[in-house]
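The values are calculated or read from the model by the stated rules, or taken from the named source; none is laboratory data. Remember, it's a predicted structure, so these values are computed and weren't measured experimentally. No Cβ is skipped: glycine too gets one built from the backbone with ideal geometry, and neighbour counts run over all protein chains shown. For accessibility, only protein heavy atoms count, side chains too; no ligands or nucleic acids. Shrake-Rupley method; radii C 1.70, N 1.55, O 1.52, S 1.80 Å.
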Amino acid sequence: MKTNLSQFMQLLTSGLSKKGVLNIYIPRWIIFLLDILLIMGSYLLIAILYRLVFHRISGEGFEMRLAFTLAVYGIIELSTRVYRGTIRYSGLAEMVRLFLFVGCSMGVTIFGTSLIGNYYPVFETQPMLLILHGALTFFLLFTLRICVKYSYYFLTTLTSRKKRVVVFGSDPNSLAMAQTLSIDTESTIKPVGMIDSEGTMHGKRISGMPVVKLPESSAKVMKFMEEVHAEKVIFTEERLKSTPSDVIDLFLHANIKMLVVGSTTDLNEHNKRQKSARMSVNEIRIEDLLNRAVIQTDNSVVAEKHHDRIILVSGAAGSIGSEIVNQVAGYKPQRLILLDQAESPLHDLELKIRSRFPELDLVVFIGDVRNKTRMEELFSTYRPQVVYHAAAYKHVPMMERYPAESIRVNVMGTKIMADLAVKYEARKFVMVSTDKAVNPTNVMGASKRIAEIYVQSLYLSLAHLTEAHRKRTRFITTRFGNVLGSNGSVVPLFKDQIAKGGPVTITHKDIIRYFMTIPEACKLVLEAGCMGKGGEIFVFDMGEPVKIYDLAKRMIHLAGLRPFLDINIIETGLRPGEKLYEELLNDEELTVPTHHEKIMVAKVREYDYPTVCAQIDSLISEACAGNGFEVVRKMKGLVPEFKSKNSVFESLDVVEK
């Protein structure tokens, strides 16, 4: 019988939902008429009870007194627009409005009947009757709204088949999230329990939900989830950032899906816009589990430095370059120039930027940074004031196989762009480098270190010229580690391997890397570019290093699978040029803090520009000739700390010894 009733209700509500009945708002004139009927009904009921109990009410003039009362209530309701509220979203604010409306109407009615009663005794009404009428009216009007609200909530709950979730945390922000989700009829989520990490609320009930302290094991987590029939755990963004990794692992190992909702600000904004907006709830991504504080930058300064400027971004179609473009476009530059040799990604980026910023003066320039003639055409035509140089080869094993190409792009391409920036008087040249340039063990890292040396020595050589010339171009280098989701990073690789059923491949179980999200990295690049005076190498605080092995296990868990049972993890051995850990500074370098806690300035060795120029010109000549071993030998001469690892070029280090 229960099953048949349940099926009937689901069919009924499903039909109502499909026909849009549940999305129809009650017209305001109907609400107004219902209110008047309730006001009249409560008056009649009170009058009857008052006569039966006290025998002190006269039937003479009753219609006049009723009409006057309805007129007062009706006029005040029209004036205060109480009837205009959306009943399904009624709450405390609506109750206060109703209370004020009824109180004001009751006061006017008492005063009016007393005043008129002085001249027409038949009109006089007992004040107690009017007070009781007001109290009953308030109760009936509020009851109407509550009934409609919860009837709507009941029907939408049946149609939406809400997913039952447990809220992590009993702090005020987590409570606000739970309450917001509970009353949000548009949400597909229903909070049914809370986990209190501090244990102070254990055993209590909050908003009807049981609260338990954080279970000690994944098995106990699963048991609690089964008791409340919940499918997932939901966090606020702030709570997730402050939750230790071992707690997250409890849920991951129990194969419990995790969700995250926006910041407290987002919750407040949602409450303000509840009638038309849906709260943003997303499944937790690997980026959310870095256990790093959100990086804050001074957007006002960055906006000022980019507003109404001509900005050039090389490597614009790449993962870093495209995000720099996306952020700079929002600061309303005078012109934004996108440079890349990859036509399809560049075309896709152009469509995206033009759709988001239709008023932006956008120039798309296909070209290769190795082609000096083409680059001179770019600089002479558009004369960029700020250059973000992100064009580079960065794949370590590939560059180990083709060292000459690494030099032609990463060194010669940077030299061409830097020289043209000076020639055409760009104000700033910001080079995007890598932590692999520190104590490099591979060709790619060494090539980026050589590019750093050239850019810095070029700026120092300008310092010996006139003050006016020195102010022309300020060269700044930014150095950071791996970015999640970038082209060639492990995250897209792991996602693809997991989607295919595995195995997930790692090069070594003990390998660690520093990680940062692409938007975070680019925010710091822009801010460092703004604060740079020239010649600095800025180093970013990348947070705590992450073991790639742990990253792989977490990604498998996030996919709802179990490592080594559903998806295997295998070691393939270190790739050519790869080392177990990356550094952000070499042994001879120190850092100096800046006003931004996440940005430091590296104190590095200074190089003589003429000497560097001669060495780099010789290196480029060998690269153009295609002699790989001779290229690497010269690289090691320029960068003595370059010691090859797991590479055919290790023999050059042995010879040098």
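What do you reckon, is S319 under 18 Å from T478 (Cα atoms), modelled with pLDDT of 80 or more and touching a Phe, Trp or Tyr at 6+ places or on another chain (Cβ under 8 Å)? Outline the logic, then answer.
Details: under 18 Å from T478 (Cα atoms): yes; modelled with pLDDT of 80 or more: yes; touching a Phe, Trp or Tyr at 6+ places or on another chain (Cβ under 8 Å): no.
When the stated conditions are applied, S319 does not pass them.
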Inspect region 287-299 for any residue being part of a helix (DSSP H, G or I) and at pLDDT 75 or above and give the result as yes or no. no
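Out of all the residues in region 515-538, which are closer than 15 Å to T473 by Cβ and within 24 Å of the chain's Cα centre (by Cα)? Let's see the steps before the verdict.
Of all residues in region 515-538, those closer than 15 Å to T473 by Cβ come to 529, 532-536.
The answer is G529, and nothing else.
Among M412, M431, which is at pLDDT 95 or above and within 19 Å of G367 (Cβ to Cβ)? Before the answer, list the steps.
Working: M431 fails: at pLDDT 95 or above.
After applying the criteria, what remains is M412.
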Do we have I556 as assigned to a helix (DSSP H, G or I), in contact with a strand residue (DSSP E or B) (Cβ under 7 Å, 6 or more places away or on another chain), farther than 30 Å from D419 by Cβ and at pLDDT 85 or above here? yes
Given (1) modelled with pLDDT of 60 or more; (2) open to solvent by less than 90 Å² (accessible area, probe 1.4 Å), I75 misses just (2)
Residue check: is S344 open to solvent by less than 60 Å² (accessible area, probe 1.4 Å) and of a type in the set (S, T, N, Q)? no
What residue, among those in region 78-93 that are open to solvent by less than 20 Å² (accessible area, probe 1.4 Å) and assigned to a helix (DSSP H, G or I), is modelled with the highest pLDDT? V82
Return the pair list, or none, for Cβ contacts closer than 6 Å from residues in region 223-247 that are crowded, with 18+ Cβ neighbours inside 10 Å to residues that are basic (K, R), at least 6 apart or on different chains. A230/R164; K232/K257
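Residues in region 390-411 that are assigned to a helix (DSSP H, G or I), among the hydrophobic types (A, V, I, L, M, F, W, C) and open to solvent by 30 Å² or more (accessible area, probe 1.4 Å): how many? I'd like the intermediate steps shown before the answer.
The initial filter retains those residues of region 390-411 that are assigned to a helix (DSSP H, G or I), namely 396-401, 403-411.
Within this subset, residues satisfying the condition of being among the hydrophobic types (A, V, I, L, M, F, W, C) are 396, 398-399, 404, 407, 409, 411.
After this cut, where a residue has to be open to solvent by 30 Å² or more (accessible area, probe 1.4 Å) as well, the list is 398.
Residues in region 390-411 being assigned to a helix (DSSP H, G or I), among the hydrophobic types (A, V, I, L, M, F, W, C) and open to solvent by 30 Å² or more (accessible area, probe 1.4 Å): 1 in total.
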Subset tally (residues that are open to solvent by 20 Å² or more (accessible area, probe 1.4 Å) and at pLDDT below 80) for region 536-545: 4
Of all residues in region 559-580, count the ones that are touching a strand residue (DSSP E or B) at 6+ places or on another chain (Cβ under 8 Å) and open to solvent by 60 Å² or more (accessible area, probe 1.4 Å). 5
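Only one residue in F224, F139 is closer than 30 Å to L38 by Cα, part of a helix (DSSP H, G or I) and modelled with pLDDT of 80 or more, so which one is that? Give the steps one after another, and end with the answer.
Numbers: F224 fails: closer than 30 Å to L38 by Cα.
Going through F224, F139 in turn, the sole match is F139.
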Filtered residues of region 99-131 (kept if under 60 Å from the mean Cα position of the chain (by Cα), at pLDDT below 80, over 15 Å from I46 (Cα atoms) and open to solvent by 40 Å² or more (accessible area, probe 1.4 Å)): F99
For region 503-530, name all the residues that are open to solvent by 30 Å² or more (accessible area, probe 1.4 Å), assigned to a loop (DSSP other than H, G, I, E, B) and of a type outside the set (D, E). P503, H508, K509, Y514
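Against the definition (outside any helix (DSSP H, G or I), β-branched (V, I, T) and open to solvent by less than 10 Å² (accessible area, probe 1.4 Å)), how does V387 come out, yes or no?
Working: outside any helix (DSSP H, G or I): yes; β-branched (V, I, T): yes; open to solvent by less than 10 Å² (accessible area, probe 1.4 Å): yes.
Yes.
Taking E216 as the residue in question, decide whether it is of a type in the set (D, E, K, R), at pLDDT 75 or above and either in a loop (DSSP other than H, G, I, E, B) or in contact with a helix residue (DSSP H, G or I) (Cβ under 6 Å, 6 or more places away or on another chain) (or both).
Details: of a type in the set (D, E, K, R): yes; at pLDDT 75 or above: yes; either in a loop (DSSP other than H, G, I, E, B) or in contact with a helix residue (DSSP H, G or I) (Cβ under 6 Å, 6 or more places away or on another chain) (or both): yes.
When the stated conditions are applied, E216 passes them.
Out of K533, K471, report the one residue that is among the charged types (D, E, K, R), closer than 17 Å to M431 by Cβ, open to solvent by 40 Å² or more (accessible area, probe 1.4 Å) and modelled with pLDDT under 85. Steps first, answer last, please.
Working: K471 fails: closer than 17 Å to M431 by Cβ.
Result: K533 is the single residue among K533, K471 that is among the charged types (D, E, K, R), closer than 17 Å to M431 by Cβ, open to solvent by 40 Å² or more (accessible area, probe 1.4 Å) and modelled with pLDDT under 85.
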With the condition kept exactly as written, say whether any residue in region 416-439 is polar (S, T, N, Q), touching an Asp or Glu at 6+ places or on another chain (Cβ under 7 Å) and either open to solvent by less than 20 Å² (accessible area, probe 1.4 Å) or assigned to a helix (DSSP H, G or I) (or both). yes
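Give, as residue ranges, the helices (runs of 4 or more DSSP H) completely inside region 582-657 that count at least 2 residues that are surrounded by 17 or more Cβ atoms within 10 Å (Cβ to Cβ), aliphatic (A, V, I, L, M) and at pLDDT 90 or above. Walk me through how you get there before you give the answer.
Details: elements: 609-625, 628-638, 650-656.
Result: 609-625, 628-638.
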Can you tell me which residues in region 202-212 are in a strand (DSSP E or B) and surrounded by fewer than 16 Cβ atoms within 10 Å (Cβ to Cβ)? R205
Please count how many residues of region 424-443 are more than 22 Å from A404 (Cβ to Cβ) and touching a Pro at 6+ places or on another chain (Cβ under 6 Å). 1
The lone exception for S355 - which of (1) open to solvent by 20 Å² or more (accessible area, probe 1.4 Å); (2) touching a residue at least 60 places away in the same chain (Cβ under 8 Å) it fails: (2)
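Taking into account only those residues within region 359-378 that are free of Cβ contacts under 8 Å to residues at least 60 places away in the same chain and part of a helix (DSSP H, G or I), which is least open to solvent (accessible area, probe 1.4 Å)?
Taking region 359-378 as the starting set, the residues that turn out to be free of Cβ contacts under 8 Å to residues at least 60 places away in the same chain are 359-377.
Now drop any that are not part of a helix (DSSP H, G or I), which leaves 372-377.
Numbers: K372: 122, T373: 109, R374: 69, M375: 0, E376: 45, E377: 86 Å².
Filtering region 359-378 for residues that are free of Cβ contacts under 8 Å to residues at least 60 places away in the same chain and part of a helix (DSSP H, G or I), the one least open to solvent (accessible area, probe 1.4 Å) comes out as M375.
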